[in-house]
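Structure, as structure tokens:
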Amino acid sequence: MYASFRSIGAYVPENVLTNADLEKMVDTSDEWIVQRTGIHERRIASDEETTSDMAVKAAKLAIERSGISKEEIDLIVCATISPDYFNMPSTAAIIGDKLDIRNVAAFDISAACTGFIYVLNIAKAFIESGMKKNVLIIGAEKMSAITDFTDRTTCILFGDGAGAAIISATDKKEDAIIDVHMSADGGYADFLMTPNGGTGNPHMSEVGGEAGCFIKMRGNETFKLAVRTLTSDVEKILKKNNITSEDIKFFVPHQANYRIIHAVGKALDMNNDKVVLTVGKYGNTSGASIPMAINDIYESGRLKHGDIMLLDAFGGGLTWGSALVPFAGK
Ligand code: ACO
């Protein structure tokens, strides 16, 4: 059995936070944000809207577009660093409840912005081993809940949203996910972290009080490492599978920063019209950004059955990964 990428869905909250809004909150400018990141605006969930609420809306679309019934789903995996509850229950279990999908395994994984690549590989492994047939994978983030809106170095970057996909067993080799790479190096853990609240720093008072529960990032160092690591990882996956940039229909990178995307795209000699860009309108939605970007090309009618997508991502952990995925949906 092979694993195929059968359908996609996504959801973004209505509320838009523009660079002009941020100019009123911290010492920044639209010009600085656009020049350094390519971001013009991002979406922010309402106080009542949780990560699982957004995930459910994305998942309903993915299920509807897959042509299978929700009763056929036998595993739910959610990538998130902004779960509904920090320790338990898992957001995946809550999503299962809200979708009325019961008695199937459900769990979350934590790989920050690389989360969707990780859940894709988990689904692929479960399917290829014959253990599961239809896996609902989700990347969902309420980044606004873990962002310090007094810190100009991070609050201009992040946004909220969710994306979901159905990964299904198939005997058609041409529909099979070709390859997925995932990796991590915890030696760079302090490049990107939320320092407080876990067993490393259980007491709120230790590192900056409540603010220690928000994202802290060594942005410039992360930037340089991201460009280097992503370029070599993507080159490796292409070479290993004997695929060239010309065979790729869409390059769908994690949407962190236009400059990182541009640098990696250029190193791969990727035509600009193949590079999917949503960072300008949604900002960095961490684990949700890749499925949201795939949904964008799907809903605009550009993504067709058989198109090969090259995915790549880099994030807290540090983690990184890439994938070669033919679109197997309609
Ligand atoms: N407005 C105006 N000035 C600012 C702002 C702001 N919002 N933020 C920082 N600055 C200033 C800095 O203070 C600094 O000033 P100084 O030179 O006087 O000290 C100057 O701008 C340059 O700061 P840098 O941090 O060097 O700027 P850089 O060009 O690196 O851009 C950015 C910062 C956008 C954060 C970039 O480093 C980046 O995108 N990093 C990678 C992020 C990433 O990919 N993360 C991984 C995924 S996220 C996840 O996993 C959750």
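Tell me which residues, restricted to region 75-92, are aliphatic (A, V, I, L, M), touching a helix residue (DSSP H, G or I) at 6+ places or on another chain (Cβ under 9 Å) and more than 24 Å from ALA176 (Cα to Cα).
The initial filter retains those residues of region 75-92 that are aliphatic (A, V, I, L, M), namely 75-77, 79, 81, 88, 92.
When the remaining residues are screened for being touching a helix residue (DSSP H, G or I) at 6+ places or on another chain (Cβ under 9 Å), the result is 75-77, 79, 81, 92.
Result: ILE81, ALA92.
State the number of residues belonging to region 251-266 that are more than 16 Å from the ligand (Cβ to nearest atom) and open to solvent by 20 Å² or more (accessible area, probe 1.4 Å).
Let us first name the residues in region 251-266 that are more than 16 Å from the ligand (Cβ to nearest atom), namely 251, 266.
The next check asks that each one be open to solvent by 20 Å² or more (accessible area, probe 1.4 Å); those that pass are 266.
Final tally of qualifying residues: 1.
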Region 239-255, residues that are touching a Ser or Thr at 6+ places or on another chain (Cβ under 6 Å) and either over 18 Å from VAL180 (Cβ atoms) or among the β-branched types (Val, Ile, Thr) (or both): GLN255
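Can you find a residue that is among the hydrophobic types (A, V, I, L, M, F, W, C), surrounded by fewer than 17 Cβ atoms within 10 Å (Cβ to Cβ) and assigned to a helix (DSSP H, G or I) anywhere in region 207-228?
Residues of region 207-228 that are among the hydrophobic types (A, V, I, L, M, F, W, C), as a first pass: 207, 211, 213-215, 217, 223, 225-227.
Keeping just the survivors that are surrounded by fewer than 17 Cβ atoms within 10 Å (Cβ to Cβ) gives 211.
Restricting the remaining residues to those that are assigned to a helix (DSSP H, G or I) gives 211.
Among the residues of region 207-228, at least one is among the hydrophobic types (A, V, I, L, M, F, W, C), surrounded by fewer than 17 Cβ atoms within 10 Å (Cβ to Cβ) and assigned to a helix (DSSP H, G or I), which makes the answer yes.
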Some residue of region 242-250 being open to solvent by less than 10 Å² (accessible area, probe 1.4 Å) and within 30 Å of ASP151 (Cβ to Cβ): no
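Could you name every one of the helices (runs of 4 or more DSSP H) located completely within region 83-194 that has at least 3 residues being more than 16 Å from the ligand (Cβ to nearest atom) and of a type outside the set (Ser, Thr, Tyr)? Even if it seems obvious, please write down each step before you answer.
Details: elements: 91-98, 115-128, 152-155.
By residue number, 91-98, 115-128.
The values are calculated or read from the model by the stated rules, or taken from the named source; none is laboratory data. No experiment lies behind these values; they were computed from the predicted model shown. Here the Cβ is made from the backbone with ideal geometry for all residues, glycine too, and neighbour counts use every protein chain on show. Keep in mind that these areas ignore ligands, DNA and RNA; they rest on the heavy atoms of the full protein, side chains included. Shrake-Rupley method; radii C 1.70, N 1.55, O 1.52, S 1.80 Å.
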